[in-house]
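Colleague: Here it is, the structure, as structure tokens.
The values are calculated or read from the model by the stated rules, or taken from the named source; none is laboratory data. As the structure is a computational prediction, the values presented were derived from the model and not from experiment. Positions of Cβ are generated from backbone atoms using ideal geometry, with glycine treated the same way; all protein chains shown enter the neighbour counts.
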Amino acid sequence: MNFDQTEQQRALVAATRKFAEREIAPLAARWDEEEHIPRDHIQKLADAGFFGLTFPEKYGGRERATLDAILVVEEVARHCSISARLIVDHNFGAVDTILNFGTEEQRRRVLPAVVSGEKLISIGMTEPDAGSALVDLKTAAMQEGDWIRINGHKRWITGAGEREYTLVYARFEEISGSEGIGAVLVEMGTPGFQIGRRIPTLGVRGLREGELIFQDALVPKNILVVPPGTGFRLLMSAYNGQRLAASAVALGIAQGAFDYALAYADRREQFGQRITDFQAIQFKIADMIIDLEAARYLVYRAASSAVGAISDRMETSLAKTYTSEMAIRVTGAALQMMGGEGYSREHPIERMCRDARMFTLAGGSTEMQRLAIASHVLGRRLPQHRDTLNSAELGMVEHSDEGG
Ligand SMILES: Cc1cc2nc3c(=O)[nH]c(=O)nc-3n(C[C@H](O)[C@H](O)[C@H](O)COP(=O)(O)OP(=O)(O)OC[C@H]3O[C@@H](n4cnc5c(N)ncnc54)[C@H](O)[C@@H]3O)c2cc1C
């Protein structure tokens, strides 16, 4: 496959790089330290045209290819993973679900507001007792005339309390298994919808990870985005794009760490010579480049074959698994190459190591991705649920690997 960038893509990457170096890089450490990214910076990302990159123009989008959006995410992540995650959340996942499966009225109401940065959106899937086994989620949605009543508890929701919309995955009418799962769009301020506590994290600290609590929250029926029945399959297919975009964040973080550590190592002298003159360091550099390029190939290949922002399950799992583990290896090697300086908070490498750590967990853990890959290779579903009697409904790999 040929991944030579087109003229247009080169211009997009160059413009993104310029923006990231000027507007993002100087502030990324502060947002990590303060554990907050200001709304006016998020607005700058929207104003730069980074939200809704692949969306039709009629919703404010730029009609770019999925690979173009992935290139933007990667470039921004070289400097700041949380800015990159914001771009992911406003191109893939929840917004893409609305674009592909929502009603025209929902698309017109939500997408232009999200693309312009006026409103932000989260994805609410995970619960205290439903992580990898998302199909066990319990948040209950009951239809009552023109309303849907929601009761439940979500955990690990990125942007909880800071974003106007959340696409909430819920179980409808107490129907068990994947067939009961659909998704509704809930607005902040809905009576009965509260923001729970913040979860302190190792990395990506500028984004609030938190809990959502629904106690008899009543939302109008017309905000049902994906109904139950076959809905869960649609939700998972749309979520695949977000998983792929998360791989691009991991790739960008690793590339950023490599670039920074390489520049340092080429300046740093010990034993009267540059440390890049030592073969042990040269081998480290070579291994890091091999890892980065292999990951880049998998990410770009999955992005190139995506239809809209919906990517192939197998290609996405290959990219996600390899890239998330690669990012841990490469950021670790970058820190090692910088010696004690790599451990100092005066350089961005320690932040990059912390930020890179999340990708084997969030967006479907690497264990769940491996199960999906094996399931594809073996040509059959691999039941995970202990209650195999219910395995037609519960815990199939295809239905169980999830996350934000
Ligand atoms: C930084 C961050 C941001 C997140 N953002 C969001 C978000 O915005 N929205 C959202 O809904 N969720 C979000 N999540 C949640 C994320 O999707 C879950 O953490 C993820 O799906 C894993 O679920 P869990 O944490 O409950 O782990 P568990 O499911 O409890 O798994 C624990 C361990 O067991 C392994 N395991 C579980 N089942 C199996 C199996 N069958 N075979 C082999 N190994 C298995 C897992 O791989 C993992 O290593 C986020 C998480 C993090 C860390």
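Colleague: When you look at Ala217, is it in the same structural domain as Glu187 (by TED's automatic domain parsing) and either free of Cβ contacts under 8 Å to residues at least 40 places away in the same chain or crowded, with 19+ Cβ neighbours inside 10 Å (or both), yes or no?
Modeller: Details: in the same structural domain as Glu187 (by TED's automatic domain parsing): yes; either free of Cβ contacts under 8 Å to residues at least 40 places away in the same chain or crowded, with 19+ Cβ neighbours inside 10 Å (or both): yes.
The answer is yes for Ala217.
Residue-wise test of (1) in the same structural domain as Gly49 (by TED's automatic domain parsing); (2) crowded, with 24+ Cβ neighbours inside 10 Å; (3) in a helix (DSSP H, G or I); (4) within 11 Å of the chain's Cα centre (by Cα).
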| residue | (1), (2), (3), (4) |
| --- | --- |
| Ile70 | yes, yes, yes, no |
| Ser83 | yes, yes, yes, no |
| Asn91 | yes, yes, no, yes |
| Ile98 | yes, yes, yes, no |
| Glu105 | yes, no, yes, no |
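Colleague: Which residues, counting only those in the range 101-140, are within 13 Å of the ligand (Cβ to nearest atom) and of a type in the set (Ser, Thr, Tyr)?
Modeller: At the first step, the residues of the range 101-140 found to be within 13 Å of the ligand (Cβ to nearest atom) are 120-137, 139.
Matches in the range 101-140: Ser122, Thr126, Ser132, Thr139.
Colleague: Working only within the range 203-259, note down all residues that are more than 21 Å from the chain's Cα centre (by Cα) and under 30 Å from Val76 (Cα atoms).
Modeller: Within the range 203-259, Phe258, Asp259 qualify.
Colleague: Something else: Would you mention how many residues in the range 8-40 are farther than 22 Å from Ala356 by Cβ and not in a helix (DSSP H, G or I)?
Modeller: Here is the first cut: in the range 8-40, the ones farther than 22 Å from Ala356 by Cβ are 8-12, 14-15, 18-19, 22-23, 38-40.
Cutting the leftovers down to not in a helix (DSSP H, G or I) gives us 38.
The number of residues fulfilling the criteria is 1.
Colleague: Just one of the numbered conditions (1) more than 12 Å from the ligand (Cβ to nearest atom); (2) in contact (Cβ under 8 Å) with a residue 40 or more places away in the chain; (3) more than 27 Å from Arg10 (Cβ to Cβ); (4) of a type in the set (Asp, Glu) is not true of Asp96; which one?
Modeller: (3)
Colleague: Return the pair list, or none, for Cβ contacts closer than 7 Å from residues in the range 13-40 that are acidic (Asp, Glu) to residues that are not in a helix (DSSP H, G or I), at least 6 apart or on different chains.
Modeller: Asp32/Arg205; Asp32/Gly206; Glu35/Arg205; Glu35/Gly206
Colleague: Condition check: farther than 19 Å from Glu187 by Cβ and either hydrophobic (A, V, I, L, M, F, W, C) or in contact (Cβ under 8 Å) with a residue 40 or more places away in the chain (or both). Does Gly131 satisfy that?
Modeller: Working: farther than 19 Å from Glu187 by Cβ: yes; either hydrophobic (A, V, I, L, M, F, W, C) or in contact (Cβ under 8 Å) with a residue 40 or more places away in the chain (or both): yes.
In short, yes.
Colleague: Would you please list the contacts, defined by Cβ atoms under 6 Å and residues six or more apart or on different chains, that run from a residue in the range 287-301 that is among the hydroxyl-bearing types (Ser, Thr, Tyr) to a residue that is at pLDDT below 95 and not in a helix (DSSP H, G or I)?
Modeller: Tyr300/Phe3
Colleague: Pairs please, first residue from the range 116-128 and outside any loop (DSSP other than H, G, I, E, B), second anywhere and among the small types (Gly, Ala, Ser) and more than 6 Å from the ligand (Cβ to nearest atom), Cβ atoms under 6 Å, 6+ apart in sequence or on different chains.
Modeller: That search, which allows pairs on different chains as well, returns Ile121/Ala94; Ser122/Gly159; Ile123/Gly93; Ile123/Ala94.
Colleague: Hey, does the range 48-67 have a residue that's within 17 Å of Val204 (Cβ to Cβ) and outside the structural domain of Ser311 (by TED's automatic domain parsing)? Outline the logic, then answer.
Modeller: Taking the range 48-67 first, the residues within 17 Å of Val204 (Cβ to Cβ) are none.
No, the range 48-67 contains no residue that is within 17 Å of Val204 (Cβ to Cβ) and outside the structural domain of Ser311 (by TED's automatic domain parsing).
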